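Worksheet: the structure to be examined is printed underneath.
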Amino acid sequence: MLSKRIIPCLDVRDGKLTKGIKFEGNVDIGDPVDIAAWYYEEGADELVFYDITASSERRDIMIETVRKVAEKIFIPFSVGGGIRTIEDMRLVLLAGAEKVSVNSGAVRNPEIIALGSQAFGSQCIVLGMDVKKVTPSDTIPSGYEVVVDGGRTDMGLDALAWAKQGERLGAGEICLNSIDADGTKEGYELTLNTLISSNVNIPVIASGGAGTPEHIFEVLVGDKADAALIASMTHYGNYTIKDIKEYLHKKGVRVRMNW
């Protein structure tokens with residue numbers, strides 16, 4: 001059995017670490033390079049870096065910030081935000097990332113998933129999905145809709161159908177973010193995670209809503225997720241990576257203990 005992964009998420013805006021609730025009211029809380037280094041030392045299994053306004057502003061990702069983070073850490077590092085072409089992917093990987101996360105760009109041009117997988121290997125391609133709960137319809141039978149541009153644009157795209165398509169195109173992993181739970185610290189959207197994880201054969205990272213180690217335990221047991229993305233609960237010092245992993249270990253969840 002593979003160990004479950006704990007992955008801090010660094011949302012970056014204008015070169016600064018930021019955090020909001022349900023994609024709104026973002027507040028700057030620090031320097032992403034320094035905080036990435038701290039998470040690495042704390043025992044994070046991976047890191048995710050999102051340039052959260054690159055897609056909505058139709059600009060390229062901040063490569064220099066990516067490069068500075070990569071110089072400080074020696075664990076897998078995924079980067080997303082504003083990635084629209086194979087050349088964008090190449091630049092991110094050359095800057096030191098191990099994976100690229102495609103989200104808005106992939107919804108608008110699904111071929112980017114296949115091209116990226118062919119060029120760099122499926123293990124490098126993460127399909128980022130920002131999802132909100134809606135009333136089920138003929139268009140969105142699962143009751144979960146994919147949105148893009150940092151939650152600003154509804155796409156009329158069913159989340160389950162898109163997850164399956166992303167896997168077929170060559171994505172090696174899905175990072176599944178619930179907009180309804182994002183930043184609330186009230187727990188992951190377990191129904192959504194179960195729906196997607198049980199219908200694809202690639203790892204799923206649960207994102208949005210973690211507030212306590214118990215929330216992480218809930219999403220990592222059963223067929224819900226292979227990894228948990230965290231932000232608010234550790235950014236503000238309520239818990240440490242060590243706190244979370246020791247709790248999970250005591251509950252019987254296999255995690256990497258490196259102290």
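Any read-out appearing in this document is the output of simple, stated calculations on the displayed coordinates, not a laboratory observation. Just so you know, these numbers come straight off a predicted model, no measurement behind them. Cβ: placed from backbone, ideal geometry, glycine included. Neighbour counts: every protein chain shown.
Summary of values
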quantity	calculated
Distance in nm between pseudo-label sites at R67 and D243 (7 Å out along the Cβ direction from Cα)	3.7
Kirkwood Rh, angstrom, segment 176-221 [1 / mean 1/r, Cα pairs]	10.5
Difference of contour (0.36 nm per residue) and Cα-Cα distance, R152 to K164	2.0 nm
GNM result for the chain, Cα springs below 10 Å: residue of G81, G151, G237 fluctuating most strongly	G237
Estimated [θ] at 222 nm from DSSP helical runs (n ≥ 4, -39500 (n - 2.57)) normalised by residues in the chain, nearest 500	-9000 deg cm²/dmol
DSSP-assigned coil residues among chymotrypsin sites (Phe, Trp or Tyr not before Pro) in segment 71-176, each with at most 12 further Cβ atoms within 10 Å	F74
Counting DSSP beta bridges with both ends in segment 97-238, the antiparallel % (nearest 5)	35
Per-bin percent of Cα-Cα distances, the chain [5 Å]	1, 6, 15, 19, 22, 18, 12, 5, 1, 0, 0
Among beta bridges that DSSP assigns inside the chain, antiparallel share in %, nearest 5	30
